[in-house]
Structure formats: C-alpha cells, structure tokens
Amino acid sequence: MRAYRSVAAALALAGLCACASSGTPHPHGWTKAGKTTWTTLSGAGPERYEYSSTPTQGGLSDLASSTAVDTAVRNRGARLIHSLPFSGCPGEAGLATYRLADGKILQVGFSVRSGQAIVVRYERPAGIAAAPAVGQALRQALCFVP
C-alpha cells in the first residue's frame, strides 16, 4: 500500500510538471502574434518576444557567436551594449543587449540544451525596464529547470 501511494504521488507530480512546462515559454498575459511570437503594448510602445529552438551540435560559445552574427545581419546598425551570462542561470545561458538603429532595445538570450539551440529575442522601447513577465519567461526558456 505504501509503495502504491509513492508511485501515485510521483505520477501526480510528473503530471503537474508536464502541465506546467507544456507549450513554448512566453511572458504570461501577452498576446500571441504568431507561432512562437508574443506582443504587448506598454505605455512607451509595443514590446515583442520571440522564441526559437533548432537542432545544434555546437556548444554555448558557438551559439553566442552565431547569435551575434545573426543579430547584426537581421538588425542593420544594431550596437552591442553588453553580453553577460544570464543571471537567471549563470553558466547555462547568455544574454546580449543591443541598441537598434531606431533606438529600441533588443535583448537576445541563448542556451544549448539537449542538442537544441534555444534563442529568445525580446524587443522593447528604450527608456523602459524589461517587463517582469519576460524575466520569468527567459528563465523558463533558457535554464535547465528539473
């Protein structure tokens, strides 16, 4: 009977974890604008969050390099402000911050997990802080959460 309860409890916990982690990590309360894109409207203008996951055989430093090149190609005139380990899970992910030609701020988070390159792009108007919901979404997307 005791073993049955332990197995039942483990299955219930696994079910809860599966429900909580199902779907693409995104900012809670934002509007879906595409398959892996969400938006919200702040007082200063629109904010955009985009998630991608692609197979890779490289490591975190390889992804950091390719993400920097991709950002420069996609966003002509973008200027790197800084690139640091993502504080939500240092050593597991990176976060690069850019100022775009139109003055907006672009943060690009990246991580490699189980052979997948995870890249999250968050664009917001300059002069506003990152939305709290984005920090949680970045942590869910980029960090290994057992």
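The values are calculated or read from the model by the stated rules, or taken from the named source; none is laboratory data. Since this is a predicted model, take the numbers as computed values, not measurements. Every residue, glycine among them, receives a Cβ derived from its backbone with ideal geometry; neighbour counts consider all protein chains shown. These area figures cover heavy atoms from the full protein model, side chains too; ligands, DNA and RNA do not enter into them. Shrake-Rupley method; radii C 1.70, N 1.55, O 1.52, S 1.80 Å.
Considering only the range 48-59, I want to know if a residue exists there that is loosely packed, with under 15 Cβ neighbours inside 10 Å and modelled with pLDDT of 95 or more. Walk me through it before giving the result.
Of all residues in the range 48-59, those loosely packed, with under 15 Cβ neighbours inside 10 Å come to 54-55, 57-59.
After this cut, where a residue has to be modelled with pLDDT of 95 or more as well, the list is 54-55.
Yes, the range 48-59 contains a residue that is loosely packed, with under 15 Cβ neighbours inside 10 Å and modelled with pLDDT of 95 or more.
Name, by its number, the condition in (1) touching a helix residue (DSSP H, G or I) at 6+ places or on another chain (Cβ under 8 Å); (2) open to solvent by 60 Å² or more (accessible area, probe 1.4 Å) that does not hold for LEU95.
(2)
How many residues are at pLDDT below 95, open to solvent by less than 50 Å² (accessible area, probe 1.4 Å) and either in contact with a helix residue (DSSP H, G or I) (Cβ under 9 Å, 6 or more places away or on another chain) or under 17 Å from GLN136 (Cβ atoms) (or both) when one looks only at the range 2-35?
2
Find the residue count for the range 71-90, including only residues that are within 17 Å of the chain's Cα centre (by Cα) and open to solvent by less than 50 Å² (accessible area, probe 1.4 Å).
Residues flagged as within 17 Å of the chain's Cα centre (by Cα) and open to solvent by less than 50 Å² (accessible area, probe 1.4 Å) within the range 71-90 amount to 4.
Show me the strands (runs of 3 or more DSSP E) found entirely inside the range 66-146 where at least 1 residues are more than 24 Å from THR24 (Cα to Cα).
Per the criteria, 79-85, 93-99.
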